[in-house]
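Take a look at the structure below.
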Amino acid sequence: MYQFNYHKPTSVEEAQALFKAVEDGMFLAGGQTLIPTLKQRLAAPTDVIDLSGIAELSGIEVRDDRVSVGAFTRHADVADSAEIRRVLPVLSALAGQIGDGQVRNRGTLGGSVANSDPAADYPAAVVALGATVYTASRSISADDYFKDLFETALEPGEILSRIEFQCPTRAAYRKFPNPASRYATVGVLVADFSGDIRVGVTGAGPCAFRATALEEVLREQLSVEAVETVEVPDAGFNSDLHASAEYRAHLVKVMTKRAVADLLKA
């Protein structure tokens, strides 16, 4: 990798000041994307700003209808949280499927959501659970957050501080994982908020999105059979060596049906 200056601030304010002061800075969270990118020389920042020294970015706060997770909270901590499993078990289950043990013990919620990898798991939860993304200066609704491939509503230098998830009546997440990386070739989270259905999809397109056509039919009839009536077009879907756009469209329906079946058992 290229030479760079390393910084480890202890507050969000210090981190943001550093970002503004340096020529070309990049924030480092768990490093599961940035470190490989640097090793492959796909990025050459002048300065890397490590956020691991900012205590206020970590932690979990649970209420009966909300779960707030600090941006620097590790995937393993979300997966293992008894409090999250009590009120929002789908989030713990999803976190437990991310990568492998090494990835889950290093990767962070904020790093995943800020990066907006098209095959990441957490974005499906952000979208389907109607989450709110908080920074030091503002809040961003889930429906306004993901913009495109590796593109979000965050401004340059803006640090994601925490994400607040709504707790549905019941929910389920299913994904078709890449056998090597465990990334979601396609992942679907179906959440039932007392009859108001939200469906979040990851892996299929350039970024996570709500499957509104599926939501509409599932609001009328929450069943596996209802999913069969929906046509999922593959226009704009990802197509690569792992799966074609057409196959990903097929997987959206399959994973939705499996998630609905799981949800109905809950």
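Taking θ as phi - 60° and the Karplus parameters 6.51, -1.76 and 1.60, the scalar couplings of segment 228-243 work out to 4, 7, 9, 8, 9, x, 9, 4, x, 6, 5, 9, 8, 5, 7, 6 Hz in sequence order, x denoting glycine and proline. If you find the alpha carbon centre of segment 31-45 and of segment 187-211, how far apart are they in angstrom? After rounding, the separation between the Cα centres reads 30 Å. Return the percentage of antiparallel bridges among DSSP beta bridges fully within the chain, rounded to the nearest 5 %. Percentage antiparallel, nearest 5: 85.
Near Lys147, which aspartates and glutamates are there with a Cα under 13 Å away, not counting those fewer than 8 places off in the same chain? Output for Lys147: Asp117, Glu155. Equivalent ellipsoid of segment 5-53: semi-axes from √(5λ) of the C-alpha gyration tensor, largest first, are 19, 13, 6 Å. Distance from the C-alpha centroid of segment 222-244 to that of segment 49-82: 32 Å, rounded to the whole angstrom. Rg/Rh, computed from the Cα trace of segment 174-213 with Rh as the Kirkwood radius, has the value 1.06. What are the lysines whose alpha-carbon lies under 21 Å from the alpha-carbon of Lys8, with same-chain residues fewer than 8 places away excluded? Partners within reach: Lys20, Lys39.
Within the P(r) computed for segment 15-84, what percentage of the Cα pairs occupies the region above 21 Å? Value for segment 15-84 (Cα pairs over 21 Å): 41 percent.
In plain terms, if you count all Cα to Cα distances in the chain and split them into 5 Å steps from zero, the share in each step is 1, 6, 13, 18, 19, 17, 12, 7, 4, 2, 1, 0 percent. Close amide-amide hydrogen proximity is noted between Asn238 and Gly205, each under 5 Å apart and 5 or more residues distant or on a separate chain (H modeled in the peptide plane; Pro and chain starts excluded).
Pick out, from Leu34, Pro9, Pro45, the residue whose Cα sits farthest towards the positive end of the charge dipole of segment 5-53, with +1 on the Cβ of Lys and Arg and -1 on the Cβ of Asp and Glu. Positive-end residue among those listed: Leu34. Along segment 64-71 the Karplus relation, 6.51 cos²θ - 1.76 cosθ + 1.60 evaluated at θ = phi - 60°, assigns HN-Hα couplings of 5, 10, 9, 10, 10, 10, x, 4 Hz to successive residues, with x for each Gly and Pro. Cross-link partners for Lys253 among the aspartates and glutamates, with Cα-Cα distance under 16 Å and sequence neighbours closer than 8 places in the same chain left out: Glu215, Glu216, Glu225, Glu228, Glu231, Asp234, Asp262. In deg cm²/dmol, rounded to 500, what helix-only [θ] at 222 nm does the chain give when every DSSP H run of at least 4 residues adds -39500 (n - 2.57) and the total is split over its residues? Calculated at 222 nm, the ellipticity per residue is -9500 deg cm²/dmol. Once Rh for segment 170-244 is found with the Kirkwood sum over Cα pairs, what is the Stokes-Einstein diffusion coefficient at 10 °C and 1.306 mPa s, in µm²/s? The estimated diffusion coefficient comes to 120 µm²/s.
All of the numbers you see were taken from the coordinates with simple rules; none came from a lab. All values reported here derive from a predicted model rather than from experimental measurement. Using ideal geometry, Cβ is built from the backbone for each residue, glycine included, and neighbour counts are taken over all protein chains shown.
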